[in-house]
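Chemist: To start, I am sharing the structure in question, which I have written as structure tokens.
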Amino acid sequence: MKYHIVTYGCQMNLHESEKIAGILRASGYDEEAPLEEADIIVFNTCCIRENAENHAFGNIGALKKLKKSRRGLIVAVGGCMAQEAGKAQLLKEKFPFVDIIFGTHNLSELPDLLARKKNERRVVSLYDARRGAEDGIQAYRTGYPNAWVNITYGCNNFCSYCIVPYVRGREVSRRADDILREVSALAAQGYHEITLLGQNVNSYRDGEVDFPALLDRVASVEGNFRLRFMTSHPKDFSERLVEVVQKHPNICNLVHLPAQSGSDRILSLMNRRYTREQYLQKVAMLRTAIPDAEITTDLIVGFPTETEEEFLQTLSLVREADFSSAFMFVYSPRTGTKAAEMQGRIPEEVAKDRLTRLIACVNENTRKKSERYVGRTAEVLCEDYDAKKGLYFGREPLGRMGYFRSETNCVGQFVRLKVTDARGISLYGELE
Ligand code: 5AD
Ligand code: SF4
């Protein structure tokens, strides 16, 4: 039987979809197929911003016809949005044709829910997000030569705008031995890039093993792989961590360090627990130790009460911290969070205008930084072939995508690219 999974949101969710695929494959759905041909369609949703939710609602709604015409088709909705307070109810009311609703803490229950569905019209199973995370699910990986590895689940930070701690629950660290075993197996299978995942990797702890110690051990695992990690909360980004990055040539010198805002007053309202100055000190610490290090970030505009002046401080932070790229968002109120209760909402057109200006500013920085690559050699791990462009592509250690022509299939190989052109975050070149 065939399955199709639709994923919304971040890398964490993409990896979770690999786990859902692993579970489905063990339950008789052994082939991935396009949406129209699937026997089961699973929506792995995200609720971090309203537009991610709207997107999912739209796509689920669009299935009504297919569901009618394909007898036996099962539609399941899981992930953060299903877990969000009140949303399962809304899903039930809006989409009577949805067969299964499950949350973020009971993926492994999916085979049971599928069995129950044989006798019940609709199966809904959600657990309290405080229950603690599930571990040990065998993922069916689709990202070769890259592999994601969870090191923590959940988050304790309660940034005032963010719903993650409510839907993902408290932070739980995986056992270091389990992580090392998983990474060793992946390296032995020939994965060449491993990304350690957590909402805040820096607060990882298993007994004596904190994140720098874990990273040191993972980087020492035998194999030919690059190591990345995300996300680092700036408040916990430490000198010891930088020392470990510096020590191991296989750890990429690229840090995703979400700043969110350049204004101290907004950072404090966001409950980020660092100031602009402290953030910039961490950036300087990293760059002093590793001069070629690059930093990417997340930024939010239009947080309640944000003034034009405060927004301009975010713009100036982009230049001062010299970000190589950024994910940029308009603040989206999430029910149940502190910020959703705050007065002083910023009108949509003002927030959108700020976003446009911010994107232009970041793009300008990205362009300038990428141009420096022209004439240089980049070491690219080839990920795939882009049929439209007729080019192979893959990432270099600092996160830029390199495109090139090749006579032979080089997916999964490290290649050296003489860069001839740079456009945004993309590099174009020739094999050396
Ligand atoms: N509105 C806008 N952006 C948000 N993020 C998280 N919550 C919100 C929200 N309510 C952004 C943050 C975070 C990234 C994953 O998503 O920038 O770092
Ligand atoms: Fe959300 Fe803050 Fe946790 Fe990131 S660190 S998941 S922004 S609460």
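The values are calculated or read from the model by the stated rules, or taken from the named source; none is laboratory data. The model shown is predicted, which means the values in this text are computed figures rather than measured ones. Heads up, the Cβs are rebuilt from the backbone with ideal geometry, glycines too, and the neighbour counts pull from every protein chain shown.
Chemist: Please specify each residue of region 279-293 satisfying the condition of being of a type outside the set (A, V, I, L, M) and under 25 Å from the mean Cα position of the chain (by Cα). Full working, then the answer.
Modeler: First, pick out the residues of region 279-293 that are of a type outside the set (A, V, I, L, M): 279, 281-282, 287-288, 291-292.
The answer is 279, 282, 287, 292.
Chemist: Any chance you could count how many residues in region 315-331 are touching a residue at least 40 places away in the same chain (Cβ under 8 Å), within 16 Å of ligand 2 (Cβ to nearest atom) and surrounded by 21 or more Cβ atoms within 10 Å (Cβ to Cβ)?
Modeler: Total satisfying the criteria: 1.
Chemist: While we're here: Looking only at region 215-234, how many residues end up being touching a residue at least 40 places away in the same chain (Cβ under 8 Å), outside any loop (DSSP other than H, G, I, E, B) and either over 22 Å from the mean Cα position of the chain (by Cα) or surrounded by fewer than 19 Cβ atoms within 10 Å (Cβ to Cβ) (or both)?
Modeler: Count: 1.
Chemist: I'd like to verify a number: residues in region 355-368 that are within 17 Å of residue 266 (Cβ to Cβ) and in contact with a Ser or Thr (Cβ under 8 Å, 6 or more places away or on another chain), how many?
Modeler: Counting residues in region 355-368 that are within 17 Å of residue 266 (Cβ to Cβ) and in contact with a Ser or Thr (Cβ under 8 Å, 6 or more places away or on another chain) gives 1.
Chemist: Could you grab me the full set of residues in region 335-349 that are loosely packed, with under 14 Cβ neighbours inside 10 Å and in a helix (DSSP H, G or I)?
Modeler: Selection gives 341, 348, 349.
Chemist: Check off (1) under 22 Å from residue 9 (Cα atoms); (2) not assigned by TED's automatic domain parsing to the domain that holds residue 215 for residue 173 and give me the number that stays unchecked.
Modeler: (2) is the only condition that residue 173 fails.
Chemist: Applying the selection to region 288-324, what residues are touching an Asp or Glu at 6+ places or on another chain (Cβ under 9 Å), small (Gly, Ala, Ser) and within 16 Å of ligand 1 (Cβ to nearest atom)?
Modeler: Within region 288-324, just 302 meets the criteria.
Chemist: I've got another one for you. Need the failing condition index for residue 158 against (1) assigned by TED's automatic domain parsing to the domain that holds residue 53; (2) at positive phi, just the number.
Modeler: (1)
Chemist: Looking at region 189-209 only, could you name the residues that are aliphatic (A, V, I, L, M) and within 15 Å of ligand 1 (Cβ to nearest atom)?
Modeler: Just the residues of region 189-209 that are aliphatic (A, V, I, L, M), to begin with: 194, 196-197, 201, 209.
Hits for region 189-209 are 197, 201.
Chemist: Looking only at region 279-303, which residues are buried (at least 20 other Cβ atoms within 10 Å of the Cβ), within 24 Å of residue 356 (Cα to Cα) and of a type outside the set (Ser, Thr, Tyr)?
Modeler: 294, 295, 299, 300, 301, 302, 303 - these are the residues of region 279-303 that are buried (at least 20 other Cβ atoms within 10 Å of the Cβ), within 24 Å of residue 356 (Cα to Cα) and of a type outside the set (Ser, Thr, Tyr).
Chemist: Next question, about the same structure. Which of the residues belonging to region 236-272 are among the charged types (D, E, K, R) and under 25 Å from residue 355 (Cβ atoms)?
Modeler: Residues satisfying the conditions are 264, 265, 272.
Chemist: Another one. Specify the residue that is nearest to the chain's Cα centre (by Cα); the eligible residues are those in region 235-254 that are β-branched (Val, Ile, Thr) and within 26 Å of residue 181 (Cβ to Cβ). Walk me through it before giving the result.
Modeler: Step one: list which residues in region 235-254 are β-branched (Val, Ile, Thr), which gives 242, 244-245, 251.
Then keep just the ones that are within 26 Å of residue 181 (Cβ to Cβ); that gives 244-245, 251.
Details: 244: 23, 245: 21, 251: 18 Å.
Residue satisfying both the conditions and the ranking: 251.
Chemist: What do you reckon, is residue 184 within 16 Å of ligand 2 (Cβ to nearest atom), modelled with pLDDT of 95 or more and surrounded by fewer than 20 Cβ atoms within 10 Å (Cβ to Cβ)?
Modeler: Spelling it out, it is not the case that residue 184 is within 16 Å of ligand 2 (Cβ to nearest atom), modelled with pLDDT of 95 or more and surrounded by fewer than 20 Cβ atoms within 10 Å (Cβ to Cβ).
Chemist: I would also like to ask the following. Quick check: is even one residue across region 294-313 assigned to a helix (DSSP H, G or I), more than 27 Å from residue 349 (Cα to Cα) and under 24 Å from the mean Cα position of the chain (by Cα)?
Modeler: Step one: of region 294-313, the residues assigned to a helix (DSSP H, G or I) are 308-313.
Checking which are more than 27 Å from residue 349 (Cα to Cα) leaves us with none.
No, region 294-313 contains no residue that is assigned to a helix (DSSP H, G or I), more than 27 Å from residue 349 (Cα to Cα) and under 24 Å from the mean Cα position of the chain (by Cα).
Chemist: Would you say residue 160 is of a type in the set (Gly, Ala, Ser), more than 16 Å from ligand 2 (Cβ to nearest atom) and under 20 Å from residue 83 (Cα atoms)? Can you show your working first?
Modeler: Working: of a type in the set (Gly, Ala, Ser): yes; more than 16 Å from ligand 2 (Cβ to nearest atom): no; under 20 Å from residue 83 (Cα atoms): yes.
No: the conditions fail for residue 160.
Chemist: When region 228-253 is examined, which residues are found to be touching a Ser or Thr at 6+ places or on another chain (Cβ under 7 Å) and more than 16 Å from ligand 1 (Cβ to nearest atom)?
Modeler: Of everything in region 228-253, just one residue is touching a Ser or Thr at 6+ places or on another chain (Cβ under 7 Å) and more than 16 Å from ligand 1 (Cβ to nearest atom), namely 228.
Chemist: Here is a list of conditions, (1) surrounded by 19 or more Cβ atoms within 10 Å (Cβ to Cβ); (2) farther than 24 Å from residue 158 by Cβ, and residue 276 meets all of them except one; can you say which number that is?
Modeler: For residue 276, the failing item is (2).
Chemist: Further question on the same structure: Would you check which residues across region 108-137 are touching a residue at least 60 places away in the same chain (Cβ under 8 Å) and farther than 17 Å from residue 11 by Cα and list them?
Modeler: Across region 108-137, the qualifying residues are 108, 110, 111, 114.
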